[in-house]
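See below for the structure under consideration.
The values are calculated or read from the model by the stated rules, or taken from the named source; none is laboratory data. Keep in mind the model is a prediction, meaning the values are calculated, not measured. Cβ: placed from backbone, ideal geometry, glycine included. Neighbour counts: every protein chain shown.
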Amino acid sequence: MRAVLLAETALADTDRLFADGVDHLARKLGRVKPLDAAAVPPSRTAALAYLTDWADGDVSTWEQELARFYEEHIPVYLRPSQTLNAIVRELAADGVRVGAWSPGPAEAFAVVVHHLGLTRHLAALRIDSSPRAPLALAAELEVEAVATVAVTGDPAAASAARSVGMLVEPSAEALVRLLEPRPG
């Protein structure tokens, strides 16, 4: 294994944080341009497209405002995981390239990675909402797919990763068994 690629959902459950961030945008920026938070699709990818269309250049700071919401509220939603940090540190110390991807926005994902204490151990961050995100991240890290583990619970991303020979794990904790010494 030469690379481990972690989906945002493998790092932390950010769904509620994102949803509450959208509610915040509706309250704060909805005064500039009306936004009904209930109309925003539940899928992160669809929600980001909806918000981009909603802003249409009139509200160009929504990504920064969402990141600001994350910065101010993330301790209420997420706690750094000692297990995840130990796994990522051990992988990096062993020369394994570790990267992470998220559907975005980039500003908010940077806050998540920083809060979780992973920034300096990740070789690459990618904002990509397509199922092929782990493939693109492996290419960015210049690591062959067959030497890569993708950690994602998304069936489409898992299928895309498997189709090029990547090993797929459903969670970061599942990586522990890959790190255990093999007998004989």
Quiz item: Mind checking which residues of the stretch 1-16 are in contact with a Gly (Cβ under 6 Å, 6 or more places away or on another chain) and of a type in the set (Ser, Thr, Tyr)?
Solution: 9
Practice problem: Report those helices (runs of 4 or more DSSP H) wholly inside the stretch 81-173 carrying at least 1 residues which are more than 25 Å from residue 65 (Cβ to Cβ) and without any contact (Cβ under 8 Å) to a residue 60 or more places away in the chain. | Solution: 82-93, 133-140, 155-163
Quiz item: Within the stretch 49-80, restricting attention to residues that are in contact with a Gly (Cβ under 6 Å, 6 or more places away or on another chain) and touching a residue at least 40 places away in the same chain (Cβ under 8 Å), which residue is surrounded by the fewest Cβ atoms within 10 Å (Cβ to Cβ)?
Solution: 69
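Is it the case, given these coordinates, that residue 112 is in contact with a strand residue (DSSP E or B) (Cβ under 7 Å, 6 or more places away or on another chain) and under 17 Å from residue 171 (Cβ atoms)?
So residue 112 fails the test.
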Quiz item: Before we move on, is residue 37 farther than 27 Å from residue 137 by Cβ, over 18 Å from the mean Cα position of the chain (by Cα), of a type in the set (A, V, I, L, M) and not assigned by TED's automatic domain parsing to the domain that holds residue 136?
Solution: yes
Self-check item: Among the residues listed as 110, 123, 106, the single one being farther than 29 Å from residue 29 by Cα and small (Gly, Ala, Ser)
Solution: 123
